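Chemist: One structure, pasted below without further comment.
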Amino acid sequence: MTGRESELTALLVAPDRQMAGQFTRTLSQARVFQILSDLKPYLTDQALDLRLRQWKPDVVLLDLASDPEQAAQMT
């Protein structure tokens with residue numbers, strides 16, 4: 001089994017671009033998640049549903065710190 005096969009696919013939603021950059025650099029070393037798409041804005045229910053159907057990620061990684069109230073609306 002190669003490293004790519006053991007990674008979970010992920011959709012990253014992170015308005016804080018500095019944090020997103022640091023996180024993705026760390027992921028490249030850890031090889032835990034393969035980021036399918038890195039989105040800056042928090043998504044509406046419709047947009048999230050579309051992205052989930054389009055990318056079919058194993059997990060969604062969500063920046064909760066930038067705007068906890070808006071992030072909570074995505075869960």
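Chemist: Of the residues that sit in segment 1-19 and are modelled with pLDDT under 95 and among the acidic types (Asp, Glu), which one is least open to solvent (accessible area, probe 1.4 Å)?
Modeler: Filtering first and then ranking leaves Glu7.
Chemist: Do you know which of the residues in segment 20-58 that are touching an Asp or Glu at 6+ places or on another chain (Cβ under 8 Å) and either part of a loop (DSSP other than H, G, I, E, B) or modelled with pLDDT of 95 or more (or both) is most open to solvent (accessible area, probe 1.4 Å)?
Modeler: Taking segment 20-58 as the starting set, the residues that turn out to be touching an Asp or Glu at 6+ places or on another chain (Cβ under 8 Å) are 20, 24, 31-34, 42.
Adding the requirement that they be either part of a loop (DSSP other than H, G, I, E, B) or modelled with pLDDT of 95 or more (or both) leaves 20, 31-32, 42.
Details: Ala20: 2, Arg31: 142, Val32: 67, Tyr42: 29 Å².
It comes out as Arg31.
Chemist: Name the pairs: first residue in segment 26-49 and aromatic (Phe, Trp, Tyr), second residue modelled with pLDDT under 90, Cβ to Cβ under 8 Å, at least 6 apart or on different chains?
Modeler: Matching pairs, first to second residue: Phe33/Glu7; Phe33/Leu27; Tyr42/Met74.
Chemist: Another one. Counting just the residues of segment 59-75 that are open to solvent by 100 Å² or more (accessible area, probe 1.4 Å) and in contact (Cβ under 8 Å) with a residue 12 or more places away in the chain, which one comes out nearest to Leu8 (Cα to Cα)?
Modeler: Looking at residues that are open to solvent by 100 Å² or more (accessible area, probe 1.4 Å) and in contact (Cβ under 8 Å) with a residue 12 or more places away in the chain, I get Thr75.
The values are calculated or read from the model by the stated rules, or taken from the named source; none is laboratory data. This is a predicted model, so every value here is computed, not measured. Don't worry about glycine lacking a Cβ; one is built from the backbone with ideal geometry, like all the others, and counts go over all protein chains shown. Heads up: the accessible areas ignore ligands, DNA and RNA and are worked out on the full protein's heavy atoms, side chains in. Shrake-Rupley method; radii C 1.70, N 1.55, O 1.52, S 1.80 Å.
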